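Chemist: If you scroll down you'll find the structure; I have some questions about it.
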Amino acid sequence: MNRWISAGQALEALGVKPQTLYANVSRGRIRAKADPRDARRSLYNGEDVGRLRAQRAGRRPAEVVAVQAIHWGEPVLPSAITAVMHGRLWYRGVDAIRLSDSASFEAVCALLWETAEADAMKASAAPVRVDASASPLQAALTLLAARAACDAPSLGRSPSELVADAGTLVDGIASALLGEPARRRKACAMHTRIAAAWKAPHAADAIRKSLVLLADHELNPSTFAARVAVSTGAPLSAALLAGLATLAGPLHAGAWSELRALMEFARGVGPAAAVHTALAQRQRLPAFGHPLYAHGDPRARALLASFDVGPTHADLAREVESATGELPNIDFALGAMADASDLPPHAPLVIFAIARSAGWVAHALEQVRSGEPIRPRARYTGAMPVA
């Protein structure tokens, strides 16, 4: 079913009266948004309509429930960490958008990890040695792989021990991603540290806001990978290694590189022509829209409001919204912020990875407490075995 459909299409698919459709929207079962071509009309999320239609058809087989749950569907495991509700993002019941107004990354780590801020971020016992020839991602993956090979398993360890490990791991990931020298550094807030590494003190507050807004986002692919890894009792470092490796994929935090290519094209031919060409070639427009936010990503709105957006980014956003109705998401905002602040090309990935390490730790700690391995089943579709 199409991503967004008209009221008539939704009513036909569900076989209900308009008031029933509106009731499902008000209860959060079906996402709706204004039609960009006619503000008097609404569009309805096709995936939500399809899922509700399947429910109305009767009890679904377990395998259908599982497939829908894994792919932007229903929740698959309980968590008390992050909620995406009513178009907003909440960290342990606290509005993450309001939190980003002034909170530090360290304060958010303490909130997510349920510990004191002083215990949330501790420097590594030994300075992290970084290969100057390695990319930021290579350096961080190498660090975590080395730690995962020798760290103690998470199973049976006390929460305080795990939190202490978490602090040194996040500190080490930051050092590796930023290419900090092996000598001991002065203690400072993470956003100040990042801005200093890039010689961009003017961008410090926007970086702080980015870290808070990106700290966690429920069961995204990298967080789920981290939970699966630690559910076996593997070290906390192995969970973060799984999370970082998954984050590196172009369909997760890689939208910034696709956006950069689109921006270069837009600077050459103009934003309108760039959007028209991409749509004509049926290319995906990266960094726009989000399945969890029918009315736009609130993280993107908050970040974009904190700095002067460059004219090409602003024009591109208007053209995409006009053509598709989709609004910028946090990937767009992060790319626009890095461009406006003249940060290094890899800045969006580095900020994303450092920020999301906080969420990986929180989910890993929660998974360890559950004491249960994550072991889904596969629906076999290959050749049938011969007796």
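Chemist: Okay, helix-only estimate at 222 nm for the chain: each DSSP H run of n ≥ 4 adds -39500 (n - 2.57), divide by all residues, round to 500 deg cm²/dmol; what do you get? Mind showing how you got there, number by number?
Modeler: Details: 19 runs with 211 residues, N = 387.
Estimated from H runs of four or more residues: -16500 deg cm²/dmol.
Chemist: Okay, next question. Just to be sure I understand the rule: take each whole DSSP H helix in the chain, project its Cα atoms onto its long axis, keep it if the span is 27 Å or more and its mean Kyte-Doolittle hydropathy is at least 0.5. Which ones pass? Before the final figure, lay out the partial values.
Modeler: On the way: long enough: 159-178 (28 Å, 1.01); 347-370 (35 Å, 0.80).
Going by DSSP H runs, the hits are 159-178, 347-370.
Chemist: GNM, the chain, Cα, under 10 Å: largest mean-square fluctuation among Ile97, Ile374, Ile194?
Modeler: Looking only at Ile97, Ile374, Ile194, the largest GNM fluctuation is found for Ile374.
Chemist: How would you rank 380-387, 154-161, 355-362, highest first, on the average number of other Cβ atoms within 10 Å across their residues? Provide the component values of the computation, followed by the final result.
Modeler: Numbers: 380-387: 5.4, 154-161: 13.4, 355-362: 27.8.
Result, highest mean first: 355-362, 154-161, 380-387.
Chemist: Given the options Ala166, Ala140, Ala272, state which has the largest fluctuation in a GNM of the chain using a 10 Å cut-off (strictly under) for Cα springs.
Modeler: Judging by the Gaussian network model, the answer is Ala272.
Chemist: Say each of Val16 and Ala83 gets a label point 7 Å from the Cα, pointing the same way as Cα to Cβ; how far apart are those two points in nm?
Modeler: For the pair Val16/Ala83, the computed spacing is 2.2 nm.
Chemist: Using the beta-carbon distance between Arg282 and Ala116 and R0 = 51 Å, what value does 1/(1 + (r/R0)^6) give for FRET efficiency, to the nearest 0.05? If you can, show how the numbers build up before the last one.
Modeler: Numbers: r = 52 Å, r/R0 = 1.01.
The value I calculate is 0.50.
Chemist: Springs between alpha-carbon pairs under 10 angstrom, Gaussian network model over the chain: which of Ala225, Ala164, Ala187 fluctuates most?
Modeler: In the Gaussian network model the winner is Ala187.
Chemist: Right, another one. Just want the ordering: His313, His290, His363, from fewest to most Cβ atoms lying within 10 Å of their own Cβ.
Modeler: His290, His313, His363
Chemist: What nm value, rounded to one decimal, do you get for the distance between Gln138 and Ala383 when each label is placed 7 Å out toward the C-beta?
Modeler: Here the modelled spin labels are 4.2 nm apart.
Chemist: Still on this structure, I have one more. If all Cα-Cα distances of the chain are sorted into 10 Å bins from 0 onward, what percent lands in each bin, rounded to whole numbers?
Modeler: Percent of pairs per bin, in order: 5, 21, 30, 25, 14, 4, 0.
Chemist: Still on this model: Please list, or write none, the aspartates and glutamates whose alpha carbon is within less than 13 Å of the alpha carbon of Lys209, excluding same-chain residues fewer than 8 places away.
Modeler: Cross-link targets: Asp101, Glu106.
Read-outs throughout are calculated quantities, based only on the coordinates presented, and are distinct from any laboratory measurement. Bear in mind that the values here come from a model prediction, so they are computed numbers and not experimental data. Please note: Cβ atoms are built from the backbone with ideal geometry, for glycine as well, and neighbour counts cover all protein chains shown.
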